[in-house]
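The values are calculated or read from the model by the stated rules, or taken from the named source; none is laboratory data. All figures in this text were calculated on a predicted structure; none of them were measured in a lab. In this analysis, Cβ positions are derived from the backbone assuming ideal geometry, glycine residues included, and neighbour counts consider all displayed protein chains. In case anyone asks, the SASA skips ligands and DNA or RNA and just uses the protein heavy atoms, side chains included. Shrake-Rupley method; radii C 1.70, N 1.55, O 1.52, S 1.80 Å.
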Amino acid sequence: MPDKETTSFMRSLCMGQIEQELLFPFPVLPPEQRETLREIAGALEDLLGPHGEDFRAWDVSGDLPAEFIEELRAFGLFGLVIPEEFGGLGLGSMAYSRTLQEVGRYDASVAVTVGAHSSIGMRGLLLHGNEEQRRRFYPRLASGEMIAAYCLTEPGAGSDAAAIKTRAVRDGDDWVLNGNKLWITNGGIANFFTVFARTDSAVDGGKMTAFIVTGDMPGVSVGPHEDKMGLRANPTTTVHFDDVRVPAANVLGEPGKGFKIAMQILNSGRTGLGGGSVGGMKRLIGLATRQANERHTFGQPISSYGLVKEKVGRMVVDCYTAEAVVTLVAGLIDAGYQDYAVEAAISKIYATECLWRCADEALQIAGGNGFMREFPYERVVRDSRVNRIFEGTSEILRLFVALTAMNDVGSQLKELATSMKGALADPIKGFGVLS
């Protein structure tokens, strides 16, 4: 059996090894979680289905009403990954991804509101929180009394996360936090912030540290809702920290380990974004096939034309393969594998770019209607565009995948070169290494 702490399917593949045990049998949900998901899907239809026209209106106004946020709380959508003993549903990665897929079929702003809470906002607590922190925050996060946001990006630090300028200085039993965070999803409704800041060089060499900051701490403030191209109903804001005193008990993990924690949060949460993307694709396929069958030109439905069939076929292939990739990565996480960063990056790149192609093709099939705001196509295109930017741009993640592969191969070649030198010096001892 592969070592679950060190084995990565893609990293092994780049070294010429196929770890088929990671792929076969293909991961499936346990029977009890399948039943839970059936119930969730049916209930989501009752919850979100009646709001179809509201979603369009909320996109125009750029706001999710407080009454609707309360509906999400009552449903339990903020407790999806929190253990049942603390009031959550305790879903694993596969079941969570599948739930966001269902939410994504209705509205992307709602999906990102729910996803930003569980995928990244409170994911650090799930992965690195101690027992005291979990007991203190889990119940309120599960109920939605506290809504979470992930605070990493700054005006001068996007993809270059290590360039953040927000600082925290130790003062007695507290840390004093100062800085500004930009484009924070859920910023307007959050009161639980996972914040990354540089800390005292005397403590950790000036490295990054992760903190839990709550909205009731003096000095925490948020800016107005950003006027965005897409996901307009989600309350995205700046978040400001002015001499905020954060108790030492609110440090996530160890001081100086914040960069690693930030990356692990993003890796772990990418199945949520992938699931939402797959849900969006399924909705678009339904819209496109209905449009192709109902729209007639030259006396026949446009579904009879080869070019339209080709477009729909590509959409179906993209959706099928993206769902397979996202499900596989979530299955690896649920199975306890630790080294899945490359697989998670690939799933994020692939699913978000497949969704973008589907959105573009669905609008093209709709023709002029696709450009009109009374139809859903243009909103889906706007909502889909940012997926290739946030939580790691496609370009940065491609570099990460390639550099990881080349570094692994380069390390092996370096070891081989060292062995070659040893073999030339002492052929008898070197023979075993080279063989």
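Does Thr321 satisfy the criteria of being free of Cβ contacts under 8 Å to residues at least 60 places away in the same chain, β-branched (Val, Ile, Thr), part of a helix (DSSP H, G or I) and within 19 Å of Gly280 (Cβ to Cβ)? Walk me through it before giving the result.
On the way: free of Cβ contacts under 8 Å to residues at least 60 places away in the same chain: yes; β-branched (Val, Ile, Thr): yes; part of a helix (DSSP H, G or I): yes; within 19 Å of Gly280 (Cβ to Cβ): yes.
Yes, satisfied.
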Can you name the number of the only condition in (1) of a type outside the set (Gly, Ala, Ser); (2) assigned to a loop (DSSP other than H, G, I, E, B); (3) over 22 Å from Pro247 (Cβ atoms) that Met146 fails?
(3)
Please determine, by comparing only the residues of region 369-401 that are under 28 Å from Cys151 (Cβ atoms) and assigned to a loop (DSSP other than H, G, I, E, B), which one is most open to solvent (accessible area, probe 1.4 Å).
Ile389
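Regarding Thr194, is this residue among the β-branched types (Val, Ile, Thr), open to solvent by 20 Å² or more (accessible area, probe 1.4 Å) and within 30 Å of Val329 (Cα to Cα)?
Numbers: among the β-branched types (Val, Ile, Thr): yes; open to solvent by 20 Å² or more (accessible area, probe 1.4 Å): no; within 30 Å of Val329 (Cα to Cα): yes.
For Thr194, the condition - among the β-branched types (Val, Ile, Thr), open to solvent by 20 Å² or more (accessible area, probe 1.4 Å) and within 30 Å of Val329 (Cα to Cα) - is not met.
Among the residues of region 79-100, are any farther than 30 Å from Asp339 by Cβ, open to solvent by less than 40 Å² (accessible area, probe 1.4 Å) and at pLDDT 95 or above?
Taking region 79-100 as the starting set, the residues that turn out to be farther than 30 Å from Asp339 by Cβ are 87.
Of the ones still in play, those that are also open to solvent by less than 40 Å² (accessible area, probe 1.4 Å) are none.
No.
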Scan region 277-296 and give yes if some residue there is open to solvent by less than 50 Å² (accessible area, probe 1.4 Å), over 30 Å from Ala57 (Cβ atoms) and not basic (Lys, Arg), otherwise no.
no
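Looking at region 169-185 only, could you name the residues that are in a loop (DSSP other than H, G, I, E, B) and surrounded by 17 or more Cβ atoms within 10 Å (Cβ to Cβ)?
Initial filter on region 169-185 (in a loop (DSSP other than H, G, I, E, B)): 172-173, 185.
Thr185, the sole residue that qualifies.
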Could you tell me which of the residues Gly188, Gly256 is open to solvent by less than 60 Å² (accessible area, probe 1.4 Å), closer than 30 Å to Arg379 by Cα and either modelled with pLDDT of 95 or more or not in a strand (DSSP E or B) (or both)?
Gly188
Among the residues that make up region 62-69, is at least one of them in contact with a Lys or Arg (Cβ under 8 Å, 6 or more places away or on another chain), closer than 19 Å to Arg382 by Cβ and either at pLDDT below 95 or open to solvent by 10 Å² or more (accessible area, probe 1.4 Å) (or both)?
yes
Just to verify a result, which residue in region 344-368, among those that are surrounded by 24 or more Cβ atoms within 10 Å (Cβ to Cβ) and polar (S, T, N, Q), is farthest from Asn293 (Cα to Cα)?
Ser347
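Is at least one residue of region 323-340 of a type in the set (Gly, Ala, Ser) and at positive phi? Step through it out loud before you land on a result.
Of all residues in region 323-340, those of a type in the set (Gly, Ala, Ser) come to 324, 330-331, 335-336.
Among the residues that remain, those that are also at positive phi are: 336.
Yes, region 323-340 contains a residue that is of a type in the set (Gly, Ala, Ser) and at positive phi.
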Of (1) modelled with pLDDT of 95 or more; (2) open to solvent by 60 Å² or more (accessible area, probe 1.4 Å), Thr166 satisfies every one except (2)
Expected output for region 33-51 (first residue over 21 Å from Gly90 (Cα atoms), partner open to solvent by 30 Å² or more (accessible area, probe 1.4 Å), Cβ below 8 Å, 6+ apart or cross-chain) is Leu48/Tyr106; Gly49/Tyr106; His51/Tyr106
Is it the case that some residue within region 21-36 is more than 16 Å from Thr113 (Cα to Cα), open to solvent by 80 Å² or more (accessible area, probe 1.4 Å) and in contact with a Pro (Cβ under 7 Å, 6 or more places away or on another chain)?
yes
Is region 119-128 home to any residue that is more than 17 Å from Trp58 (Cβ to Cβ), over 15 Å from the mean Cα position of the chain (by Cα) and surrounded by 24 or more Cβ atoms within 10 Å (Cβ to Cβ)?
no
Subset of region 149-160, residues in contact with a helix residue (DSSP H, G or I) (Cβ under 6 Å, 6 or more places away or on another chain) and outside any loop (DSSP other than H, G, I, E, B), comes to Ala149, Tyr150, Ala157
Which numbered condition trips up Ile261, out of (1) farther than 30 Å from Val381 by Cβ; (2) out of contact with any Ser or Thr (no Cβ under 9 Å at 6 or more places or on another chain); (3) in a helix (DSSP H, G or I)?
(2)
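Only one residue in Ala157, Ala210 is surrounded by 16 or more Cβ atoms within 10 Å (Cβ to Cβ) and modelled with pLDDT of 95 or more, so which one is that?
Details: Ala157 fails: modelled with pLDDT of 95 or more.
The unique qualifying residue is Ala210.
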